[in-house]
1. Does the stretch 27-51 hold any residues that are at pLDDT below 95, farther than 16 Å from Tyr113 by Cα and not in a loop (DSSP other than H, G, I, E, B), and which are they?
2. Anything in the stretch 127-176 that is of a type in the set (Gly, Ala, Ser) and under 24 Å from the mean Cα position of the chain (by Cα)? List them, or say none.
3. Does Val218 satisfy the condition of being under 17 Å from the mean Cα position of the chain (by Cα), among the β-branched types (Val, Ile, Thr) and closer than 26 Å to Asp164 by Cα?
4. Out of Val241, Val343, I need the residue that is modelled with pLDDT of 95 or more and crowded, with 18+ Cβ neighbours inside 10 Å. Which one?
5. Could you run through the stretch 211-227 and say how many residues are in contact with an Asp or Glu (Cβ under 7 Å, 6 or more places away or on another chain) and buried (at least 24 other Cβ atoms within 10 Å of the Cβ)?
6. If you check Ala151 against the conditions, is it within 19 Å of Ser271 (Cα to Cα), out of contact with any Pro (no Cβ under 7 Å at 6 or more places or on another chain) and not in a loop (DSSP other than H, G, I, E, B)?
7. Would you pick out the residues in the stretch 136-150 that are farther than 26 Å from Ala89 by Cα and surrounded by fewer than 19 Cβ atoms within 10 Å (Cβ to Cβ)?
8. Identify, please: which residue in the stretch 286-325 is in contact with a helix residue (DSSP H, G or I) (Cβ under 9 Å, 6 or more places away or on another chain) and small (Gly, Ala, Ser) and is, among those, surrounded by the fewest Cβ atoms within 10 Å (Cβ to Cβ)?
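The values are calculated or read from the model by the stated rules, or taken from the named source; none is laboratory data. Values in this document were obtained by computation on a predicted structure and should not be read as measured data. As a convention, Cβ positions derive from the backbone with ideal geometry for all residues, glycine included, and neighbour counts pool all protein chains shown.
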Amino acid sequence: MSETVNEAEVLEHLREALVGHIPAADLERLAVARTGPSRRRSSLYFVGLAGEDTCRWVVKRPTSESQQDDLTSPLPAPLQYSALQRLYAHLQGVDDGMATPRPIALLPDIDAYVMEYVPGPTVTDLMRPRAVADPSRLLDSAVVAGRLLRAVHALEPPKSDTIDLRKLQQDTSTRARRLLAAAGLPVRDHWFVDDPVSTTTTGSEVLLHGDYAPENVVLSPTEVVCLEPDLAERGWREHDVVRFLLMLADAPLFVAGTEVPAVRRLRRRVSAQFLDSYYEGPRRPELLHHLMLLSVAARWSTRHTDVTRRNPRLGRARQLLLHRHFTRLLDEVSASRPSLLSV
């Protein structure tokens, strides 16, 4: 990201972009309603009109130099804006209750772009303790999230390719072991059993969303909305599928409640609903298992390192909670192959 900007600068550039799109009197009423949530990957400004309670626009400034083990660095603002424009047009053509926020303008002088604000909870927002007793809305959200990802993956024609499962297993196991060991985390051999059910399989290569997480799926009053598309790389569709499952499991409810049977059952039910929706049935490709193992290891490494850097002494309780949660996840994923029905 370029040098830091303040809210006044953000509003100045937004006014220039909105000239001719809203009444002139409203241009002087632009106000930042809130910022955040605080993220390493971007700065967000939620903007409305002074005197009103609702937001109308979101200004996003990506932090392109942000790095972490479990996700690629954010794209610069022009590329993110272009991806949003492309997916917006695509989903408009699908006409099936799916959309992205409407792209408004690129703000090159502050390395940012503007999109329309979309009201409504994200799938992450529905992962609250009350969902344990009444999971219907959360389960329904997993279904529409699966449908939405299928629509995103239809942006370009898929390409079939043969995958060497033994090589995939070796590569993912080696990388996962290295990540865990480098972070000082345990490496258990039963997580990485070298016995693929098949030697080869056929994978489907698509244009990837890039960060298809529950927090990037909004349930607006009229449609399901996809946030943050990168559309920068083609790869196996399971990369996006695994990202959603991983970040679902990493929600505070499921981390804090990792020792509670009812919470674990809910996590597995939501995961299964998403998978059933995306794959349109109970079948799962075997490569999903290997990619999931690697992604869980990378996420644990990232979370553990973050806690340790912030405050090693005060973070011990958090490290113990993460240890219980991620070892349980790795146990489940390794035991569930090839179906991943219990993830």
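1. Ala33, Arg34
2. Hits for the stretch 127-176 are Ala131, Ser136, Ser141, Ala142, Ala145, Gly146, Ala151, Ala154, Ser173, Ala176.
3. Against the criterion (under 17 Å from the mean Cα position of the chain (by Cα), among the β-branched types (Val, Ile, Thr) and closer than 26 Å to Asp164 by Cα), Val218 does not qualify.
4. Val241
5. The qualifying residues number 1.
6. Considered against the rule, which asks whether it is within 19 Å of Ser271 (Cα to Cα), out of contact with any Pro (no Cβ under 7 Å at 6 or more places or on another chain) and not in a loop (DSSP other than H, G, I, E, B), Ala151 comes out as yes.
7. Passing the criteria: Ser136, Arg137, Leu139.
8. Per the stated criteria, the residue is Gly315.
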